[in-house]
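Written out below as structure tokens is the structure these notes cover.
The values are calculated or read from the model by the stated rules, or taken from the named source; none is laboratory data. Computed from a predicted model, the values in this text were never measured in an experiment. Positions of Cβ are generated from backbone atoms using ideal geometry, with glycine treated the same way; all protein chains shown enter the neighbour counts.
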Amino acid sequence: MSAAATLPESASFAALRDLFAGRIAVLDGAMGSMVQTYNLTEADFRGTQFADYPHDLKGNNDLLCLTKPSVIEEIHAAYFAAGADIVETNSFSATTIGMADYHLESIVTKLNHAAVACALRAARAAEAATPGRRCFVAGAIGPLNRTLSMSPDVNRPDYRAVSWEQVVTAYTQQTHALIDAGVDALLVETIFDTLNAKAALFAIEGVFAEKNLRLPVMISVTITDASGRTLSGQTTEAFYNSIRHAKPFSVGINCALGGRAMRPYIEELSRIADCHITCYPNAGLPNAFGGYDESPADMAAIQREFATAGLVNMVGGCCGSTPPHIAAIAQAVRGLAPRKPPVIPTALRLSGLEPLTA
């Protein structure tokens, strides 16, 4: 079924549309950076459910939704308290392909259900604390550790460690689980390989058709360096041409670069995209110790510049950002008008590594 096919919209679709039309929305910040502050041990990651599991589990942050749900819920709650309108589920790697590293493919559906439950509990608690407030949960669909566009073996450029069918199957299972558990939107994020992203969008559209229901789909790419290209080689405009058929609710950039280095690419997306624009950068570039040095005030000032220039509809933070960063960003954009999507003339728009408009 084409992404243009008309399906009934989810109950949250209109509410999110109203939010983005009325003001600049605020997304949460990093999950991993916050998990690190808890100094969790291997035993914490195992919990009672996996106490005797034969493989190491430390570092599998998604698993904490089952073994330490109070930690994940507390992090979500902190972001809502900081002013976030939307939090992402802790399901970044919760696919069969992502969980294969830990030999936990069999619990993927359960893992996604638990991730949504943690976020929804925090959302409902934040709404109860402030009557009239609406808090949203976006199902996080992250990239994979296997790519359809590139070979992991420099001596075999034709080799792929995964097939299109396997990627679609993995994303289909995750999408089913996230929707069944009650997310308000789906966020395909940190995209470095456009073909993987297209497999995710294909899977999502298939699930929508099966359920006869459409949720808002948010898409966020990562620009890997100052070349302005994704890891698989596309420019920003070529990337958008590749995914615009999915008619996303929003498209944006997150991760790799700090906010200031993102500006030319956010400007380009803002010019060419007829949907909402999102931006959630890292707290600067990683330093020599793998940390992030941008303060809440630094990040907020950059995001305010984007908002003042009319470039964005949603802002937030990625790696290194914390609730204080999100609080500062929320304050910085308060009262500023959201970007109004332009009317884009009809044309034949193609993409390889570069765009082609005919």
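Structure values in brief
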{"item": "Identity of the residue in segment 212-262, β-branched (Val, Ile, Thr), in a strand (DSSP E or B) and touching a Gly at 6+ places or on another chain (Cβ under 8 Å), that ends up nearest to residue 314 (Cα to Cα)", "result": "219"}
{"item": "Some residue of segment 321-330 being in contact with a His (Cβ under 8 Å, 6 or more places away or on another chain) and of a type in the set (A, V, I, L, M)", "result": "no"}
{"item": "Residue in segment 163-170 that is modelled with pLDDT of 95 or more, polar (S, T, N, Q) and crowded, with 23+ Cβ neighbours inside 10 Å present", "result": "no"}
{"item": "Of all residues making up segment 67-119, the number that are more than 22 Å from residue 185 (Cβ to Cβ) and polar (S, T, N, Q)", "result": "4"}
{"item": "Tabulated pairs, segment 263-292, first free of Cβ contacts under 8 Å to residues at least 12 places away in the same chain, second surrounded by fewer than 22 Cβ atoms within 10 Å (Cβ to Cβ) and in a loop (DSSP other than H, G, I, E, B), C-beta under 7 angstrom, 6+ apart or interchain", "result": "287/293"}
{"item": "Evaluation of residue 132 against (1) in a helix (DSSP H, G or I); (2) surrounded by fewer than 19 Cβ atoms within 10 Å (Cβ to Cβ); (3) not basic (Lys, Arg) (one fails), failing number", "result": "(1)"}
{"item": "Members of segment 69-121 found to be in contact with a strand residue (DSSP E or B) (Cβ under 6 Å, 6 or more places away or on another chain) and either under 20 Å from residue 196 (Cβ atoms) or in a helix (DSSP H, G or I) (or both), listed by number", "result": "76, 79, 88, 89, 91, 92, 119, 120"}
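The rows are residues; the columns are (1) more than 19 Å from residue 86 (Cβ to Cβ); (2) touching a helix residue (DSSP H, G or I) at 6+ places or on another chain (Cβ under 8 Å); (3) not charged (D, E, K, R).
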| position | (1), (2), (3) |
| --- | --- |
| 256 | yes, no, yes |
| 259 | no, yes, yes |
| 271 | yes, no, no |
| 281 | no, yes, yes |
| 292 | yes, yes, yes |
| 302 | yes, yes, yes |
| 306 | no, yes, yes |
